[in-house]
Amino acid sequence: MKKEIIVFLLAIFTSSLTYNAMAQTNYASRDEIPKEYKWNFSDIYSDWETWEKEFEQLTKQLDEIPKFKGVIKTDVKNLIKIQQLSEELTKRAYKVYQFVGLQYTVDTKNMELLSKLQKVQQLFAQFGVKTSWISPELLEIPEATMKKWIAENPELKDFEFELMDMYRLQKHVLSADKEKLMSYYRQSLSTSSGVYSALTTTDIQFKKITLSDEKEYTISPGVYKQILSNNYNQEDRKKAFEARYEVFAGNINTHAAIYNGVVQSGWASARARNYETSLDAALEGNNIPKEVYLNLINTVKANTKPLQKYLKLRKELLGLDKYYKYDRLINLTDYTKEYPYDDAKKLVYEAVAPLGKDYQEKLKVATSNGWLDVYENPGKRSGAFSSGVYGIHPYMMLNYDGTLDYVFTLAHELGHTMHTWYSDENQPFALHGYTIFVAEVASTFNERLLLDYMLKNTKDPKERITLLTQAINNISGTFYRQTRFADYEYQVHALAEQGKPINKAVLSGIWKELDVQYFGDVLEENQYDDYIWAMIPHFHGTPFYVYQYATCFASSAQIYKNVTEGSKKDKKAALESYLTLLKSGGNDFPMEQLKKAGVDLSKKETILAVINQFDALVDQLEIEIKKLKK
Ligand SMILES: [Zn+2]
C-alpha cells in the first residue's frame, strides 16, 4: 500500500498584512460572525462524543491489519480483505483528522484542539507502522498473478490502478539490505533543506529602513510586498529591495553551500535508485515524460517578447526612466473598489455559467451551506484553501477582505472545491484524489471565466484596467516566472550530474543569463539581482516542483481555448471532456487525464496558448489605457 497519509490542502497563502480592514469583515470574535459565513462541523460528526467513539474504534481496528501479514501473497481473498480494510480505515482516519484540523484552523490558540490534533497525529503514525509491511509483501506477488487476480475478482477493480502502478516503480525499489542502508541516510539527506529553512525563517533578522515618509519599516516579506505594490516612490522601492536582499547577500556563500547540499543529496538519491537524472526521479512518481518539462522551459525561453512588451508598457505608464526588478509589482491604477462578499459570490456564480447548469447549481450549494469559512477572526490561520472530506463535502477557508484580488481567490478556491466534489461523487475512495499536476487547472479556469465575465459587464474603465492587469500579472507571476525558476533548477541540477562545481559564482551566473533571456534589455541591473535564487524556498524544499504551476496554467489555457473557440459542436464536446476531467479524480496518470481533456503538454502549441493569451491581454490593456487617456 503506497497510499501515503497526507493532507490535501490546496492553498493560496496570502500575507495577513494585505488585510484590508472594513467594517463588515472586522469581527472581534468568531461568535459575532453570522452562521451562514462559517463552517458547519456537524456535517462531519454531530458532536465531540461521536468523534471520541470513532477515534477509539479506529485505534482498536488498526490491530486487525497486522493479522494479515504473510497471507496476502498466498490468497487473493486475503488481499481483497486487506485492501478493503485499509481503505475503510484510511477514509475514516481522514474524517477524524479533518474534524479536529479544520476547527483548529479557525481557532489556532485553542490548546485543547491542539492536543487533540497531536493525538490524531499519533494515530496516523501508528497507522504508518501497522501498514508498513503491506507494500513489500504486495511486491512479492508476481505481476502476472496480480493481473489475473484483478481480472477474476471485481472487488479489486477500484484498486487496479494503484496495484499495477506499484510494478512500474518497482525498478527503483532496492533490495532489502540496500533499502535498510538508505534508511540510515534518510534524515541526513534532508539536512540542507532544514538548514535553509532555519536560516531563512527561524533565525532571519529583517533589516529596518526609513523611507521618504520618515517612518521606519522592518522589511519582512509582507511589508516588502506592500511597499513594492503600493509605494509610488521608486527610491523607496529600491531601498526595500536592497534591504530585503542584503540579508541574503551577507550569507551568500553559505546559501550556495546549502543549495549545493540540496542538489547533491537529490542526485545521490536519484543515482542510488537507478534514475538517469534528478529530474527523472522527480517526474517518475506521476509518470510525467521528461519532454513535458523540456518543452515548457524551451518554448517559454524562446517566446519572451510578449513579456518584454508588457514590461516596456509598464515602464511607460509608470513614467519611469529606468525599470528595475523592484518595479514589477507596483499597481498601475489607484483602484480601490470594495466588493462585499455576497456580491463576490454572485459574480462568481454568474461567471461560471458557461460550464452549465449542473456546475452552477452545485456551486450555489458550495457557497451556501456551511462549506465556506469566509471572514477573518482572531486566531484564524491566514490565507485561503479548499480541502475535501470524502463522503461529506469539501471545506473552503478564506480571509475575505473585499478586494478585487479576493473575488478572484473565491473563484479560485471554488474551482478546487468543485473539482473535489465532482471527483468524490464519481470515483471510489481509492481513486478520488487528484494530483497537483491537474489541480490548478480547475482553479485557474474559474479565474479566467471570472475575468471574462467582469470585463464584459463592467463600465468603469479603471476597473477594466485593473482586471486586465490582474490577469496579466497572474500569467507573468505564475507562468513566466515559475518557468524561469524551473529552467534554473534544471540547469543547476545538471551541473551536479556532470560533476561540475556549484558555488556562488556559478549560481548567480545562471540566474543572470536567464534574466537576460527573459527580460532582454528592458530591465536595469541592481547589485542584488543575481542573488534572488537564494530566496526561493521551493528550490530548497521541493526541487522540480514549480514547473507544475506553469503546466497547469498552460493546460487551463488550452482547455479554455477549446471550450470557447470553434464550432458549437466542438465547443460542446470540449466542455464535456473538461467536466470529465473534473470527475476523474486520480483514476489515471495526470498526463493521460489531460490528454482526454484535449491537452497535450508535450506539444509546443499548448505552451504557446498561454503566451498568445498573455500577448492578447497586453494589447487589450494598451487599448484600454489609450481610451482612458482620451
Ligand atoms: Zn490553487
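In region 450-504, which residues are charged (D, E, K, R), closer than 27 Å to Q360 by Cα and in a helix (DSSP H, G or I)?
Result: D452, K456, E463, R464.
Residues are listed down the side, and each one gets a yes or a no for (1) part of a loop (DSSP other than H, G, I, E, B); (2) under 24 Å from G388 (Cα atoms); (3) without any contact (Cβ under 8 Å) to a residue 40 or more places away in the chain:
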residue: Q57; (1), (2), (3): no, yes, yes
residue: D63; (1), (2), (3): no, no, no
residue: K67; (1), (2), (3): no, no, yes
residue: T74; (1), (2), (3): yes, no, yes
residue: N78; (1), (2), (3): no, no, yes
residue: Q84; (1), (2), (3): no, yes, no
residue: Y94; (1), (2), (3): no, yes, no
residue: Y97; (1), (2), (3): no, yes, no
residue: V100; (1), (2), (3): no, yes, no
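Could you tell me how many of the residues in region 234-259 are over 25 Å from the mean Cα position of the chain (by Cα), open to solvent by less than 50 Å² (accessible area, probe 1.4 Å) and under 14 Å from A496 (Cα atoms)?
Residues that pass the stated criteria total 1.
Taking the conditions exactly as written (surrounded by fewer than 13 Cβ atoms within 10 Å (Cβ to Cβ) and modelled with pLDDT of 95 or more), does E52 satisfy them or not?
no
Given the conditions (1) more than 25 Å from L163 (Cβ to Cβ); (2) surrounded by fewer than 18 Cβ atoms within 10 Å (Cβ to Cβ); (3) among the aromatic types (F, W, Y), which single one is not true for F41?
Going through (1) more than 25 Å from L163 (Cβ to Cβ); (2) surrounded by fewer than 18 Cβ atoms within 10 Å (Cβ to Cβ); (3) among the aromatic types (F, W, Y) one by one, F41 breaks only (2).
Determine the pairs where a residue that is touching a residue at least 60 places away in the same chain (Cβ under 8 Å) and of a type in the set (D, E, K, R), located within region 400-420, has a partner that is within 11 Å of the ligand (Cβ to nearest atom) and open to solvent by 10 Å² or more (accessible area, probe 1.4 Å) with Cβ atoms under 8 Å apart, the partner being 6 or more residues away or on another chain.
Qualifying pairs under 8 Å: E413/I12.
Those residues that are among the acidic types (D, E) and over 14 Å from R328 (Cβ atoms), I need them from region 498-529; list them, please.
Once the filter is applied, which keeps residues that are among the acidic types (D, E) and over 14 Å from R328 (Cβ atoms), region 498-529 yields E513, D521, E525.
Take region 410-442 and flag every residue that is open to solvent by 10 Å² or more (accessible area, probe 1.4 Å) and either within 21 Å of E576 (Cβ to Cβ) or within 11 Å of the ligand (Cβ to nearest atom) (or both).
H412, T420, W421, D424, E425, N426, Q427, L431, H432, Y434, I436, E440
Condition first: part of a loop (DSSP other than H, G, I, E, B) and under 19 Å from Y97 (Cβ atoms). Now tell me which residues in region 391-430 satisfy that.
G391, I392, H393, P394 - these are the residues of region 391-430 that are part of a loop (DSSP other than H, G, I, E, B) and under 19 Å from Y97 (Cβ atoms).
If you take the residues in region 392-407 that are at pLDDT 95 or above and open to solvent by 10 Å² or more (accessible area, probe 1.4 Å), which one is farthest from the ligand (Cβ to nearest atom)?
I392
In the list Q83, Q121, which residue meets the criterion of being among the polar types (S, T, N, Q) and within 19 Å of T50 (Cα to Cα)?
Answer to the check: Q121.
Can you name the condition, by its number, that Y549 falls short on among (1) in contact (Cβ under 8 Å) with a residue 60 or more places away in the chain; (2) more than 17 Å from the chain's Cα centre (by Cα)?
Looking at each condition in turn, Y549 falls short on (2).
Can you run down the residue pairs with Cβ atoms below 7 Å, 6 or more apart or on separate chains, where the first is in region 422-450 and closer than 11 Å to H412 by Cα and the partner is more than 15 Å from the ligand (Cβ to nearest atom) and of a type outside the set (A, V, I, L, M, F, W, C)?
F445/Y560; R448/Y560; L449/P354
Mind counting the residues in region 405-426 that are acidic (D, E) and either within 12 Å of T367 (Cα to Cα) or touching a Leu at 6+ places or on another chain (Cβ under 6 Å) (or both)?
1
Out of the residues in region 347-378 meeting the condition of being of a type in the set (A, V, I, L, M) and not in a helix (DSSP H, G or I), tell me which one is nearest to L581 (Cα to Cα).
Filtering first and then ranking leaves V352.
Assuming P543 fulfils every condition listed in (1) in a helix (DSSP H, G or I); (2) closer than 30 Å to K583 by Cα; (3) open to solvent by 10 Å² or more (accessible area, probe 1.4 Å); (4) away from the ligand (no atom under 16 Å from the Cβ) apart from one, which condition is it?
Tallying (1) in a helix (DSSP H, G or I); (2) closer than 30 Å to K583 by Cα; (3) open to solvent by 10 Å² or more (accessible area, probe 1.4 Å); (4) away from the ligand (no atom under 16 Å from the Cβ), P543 fails exactly one: (1).
With K569, K604 as the choices, which residue is open to solvent by 50 Å² or more (accessible area, probe 1.4 Å) and over 27 Å from F519 (Cα atoms)?
K569
The values are calculated or read from the model by the stated rules, or taken from the named source; none is laboratory data. Quick caveat: nothing in here was measured; it's all calculated off a predicted structure. Virtual Cβ from ideal backbone geometry, glycine too; neighbours counted across all protein chains shown. Protein only, heavy atoms only, side chains kept; ligands, DNA and RNA dropped before computing areas. Shrake-Rupley method; radii C 1.70, N 1.55, O 1.52, S 1.80 Å.
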